[in-house]
1. At q = 0.20 Å⁻¹, what base-10 log of I(q)/I(0) does the Debye formula yield for region 378-489 when every alpha carbon is treated as an equal point scatterer in vacuo?
2. What pairs in K246/K327; K152/K265; K246/K536; K265/K327 have C-alpha atoms more than 27 Å from each other?
3. Among all the aspartates and glutamates, which ones have a C-alpha under 15 Å from K370's C-alpha, if same-chain residues fewer than 8 places away are not counted?
4. At 7 Å along the Cα-to-beta-carbon direction for both A351 and S153, put a label point, then send me their distance in nm to one decimal.
5. Select from Y309, I337, P358 the residue farthest towards the positive end of the dipole of region 287-367; place +1 on Cβ of Lys and Arg, -1 on Cβ of Asp and Glu, and compute about the Cα centre.
6. Considering region 197-265, what Rg and Dmax in Å follow from its alpha-carbon atoms?
7. Divide, for region 219-359, the radius of gyration over alpha carbons by 2.2 N^0.38 Å, where N is the residue count.
8. Once fully extended, how much extra length lies between D396 and R372, figured as 0.36 nm per residue of separation less the alpha-carbon to alpha-carbon distance?
Amino acid sequence: MSHDHDDRPQLTAAQAAAVLTPPPGRTGGDLVVESLQGLGATTVFGLPGQHALGMFDALRRSSLRYVGLRVENNAGFAADAYGRITGEVAPLLLSTGPGALTSLAALQEAAAASAPVLAIASQVPTAGLGGGRHGYLHELRDQQASVRDIVKSVHTVRAASQIPSAIAAAWESALTAPHGPVWVEIPQDVLLAETTLPVVSAMDATPRELYPRPELTIAAAHLLSNAERPAIIAGGGVVRSDASGKLRALAERIDAPVVTTFGGKGAFPWEHPLSLRSWLEDRHTTDFLEDADVLLVVGSGLGELSSNYHTFRPRGRVIQIEADAGKLESNHPALGIHSDAREALSDLLEAVERREDPGAAERVRTVLEKVRVRIDAQELTLEQQVLAAVRQALPDGSPSFWDMTILSYWAWSAFDARRPNTMHSAQGAGGLGYAFPAAIGAAAADPTTPVLAVSGDGGAMYSLAELATARQYDAPLTWLIVDDGGYGILREYMTDAYGEATGTELARPDFVALAESFGVPAVRTTPDSLAADLTKALAAPGPSVVVLPALLRMFEPTHL
């Protein structure tokens, strides 16, 4: 049997010589970093631990840039943001047991947001594997069992020769739509053992493309072309697949109003005549979407937040384009199209017929006016003033990262992201502490652009250690901390439900003094001076903190 090798990478004479006489002193850890370099990685995140030292020692002999955070979960958030911003795989180096387990909340967020994080964790020595209770440091009966329910795929290594293939397979999995976190596990002794294997050269881990089936595209195009009141819900899949241009072209081709989900912020221009913006937690928007005779849902599973807390009941035909097969028709019957959003929208654009609806823009204006009247009636001037100040200060191209805090919940609905892939929050998994370490990851991805992180005082307490990281790497980011003395949204929820709140009031530090103790300049601001203070902080080099003491309130929900 003959094989055609013409399309495979050819080694140069120098590379061939290096293969035959690999440099001495290399270990399994070197195979890890060589594999990452061969796949195109330039930056890795993580935290060293005793079992993982073979990987960290090998970093010293590589060209990879290492960004080390102070807590593994924060390192995971940083890798998540790097993956979201670049669309590239973000390697995350972890140690065994506590180190690995501490990253799980970040990996859950990466899974929910489809961020391509490649976690490479050490394990106890090979002799301790298999569930026996040998008493090794950091030993778990089955470390993989703790991550299997979170990541897309698990790849185990038991010998040095398995390392490059395991990392390549994980890399391909992370980048195959839908993107997501993956897990590679390597025992300590394999990482430390010397190897005579050749240096890893170019590697191929091209992700599989996910195209729509043509008969489904034809059926969807027919429905949209002949609809009387079409509408579109654009989710995070549109942003991740870089399909916002195609989404706009399709919406304009068929005159369909567009709502963006909180994960899809920026997927459609905020001020466009067909833009219903992101008021998904508003009954006026929900009513409008329910009234559509054909509803196109792109890159969204219509989960809790995107469905106004599962009160949404579409009356027309639903077309759902989704890369995650498990989300297809998971909440509503639909013409389910298992596809990457970009590929599906591209095919739909070719198949759909022009449809003109002069009244579409007027119907959009009517809905947005109803939303405005409802919000204005609640006397929430302070909240709108603060959000407007943030928008005024933030450069259009700057990414922003939002923790689970009241100002973020406002931003989900009311903030104009201006550009796709610039506004990110922890709304996928809903954990605290995301914003600041994520901003560090974004700053590592593009150190030429200032980054904004927004937290409440409760969420900020999860991330204070990373002030040292931001200072160490001179990251160009500004951290806005809205200090209301506790877990503000939980205080609201409990007071509304039970008459009083329990466990929501927090003692906290002087955030300005604390930041300055890390060598990070900080300022205490007011709602009136917020725009100016944020603008100044974002324009200054390196990290900075802006503290806003303010008690913000949420607008009234419409789903109860």
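1. Taking Cα atoms of region 378-489 as identical point scatterers yields -1.07.
2. On the way: K246/K327 22 Å; K152/K265 24 Å; K246/K536 36 Å; K265/K327 20 Å.
Exceeds cut-off: K246/K536.
3. Partners within reach: E281, D282, D287, E362, E556.
4. Here the modelled spin labels are 2.8 nm apart.
5. Highest projection toward the positive end goes to Y309.
6. Calculated on Cα positions, Rg and Dmax stand at 17.9, 65 Å.
7. Details: Rg = 13.1 Å, N = 141, 2.2 N^0.38 = 14.4 Å.
Taking N as the residue count of region 219-359, the ratio is 0.91.
8. Numbers: separation 24, 0.36 × 24 = 8.64 nm, distance 2.39 nm.
That works out to 6.2 nm of additional length.
The values are calculated or read from the model by the stated rules, or taken from the named source; none is laboratory data. Since this is a predicted model, take the numbers as computed values, not measurements. Quick reminder, even Gly has a Cβ in these numbers, built from the backbone with ideal geometry, and neighbours come from all protein chains shown. SASA here: full protein model, heavy atoms, side chains in, ligands and nucleic acids out. Shrake-Rupley method; radii C 1.70, N 1.55, O 1.52, S 1.80 Å.
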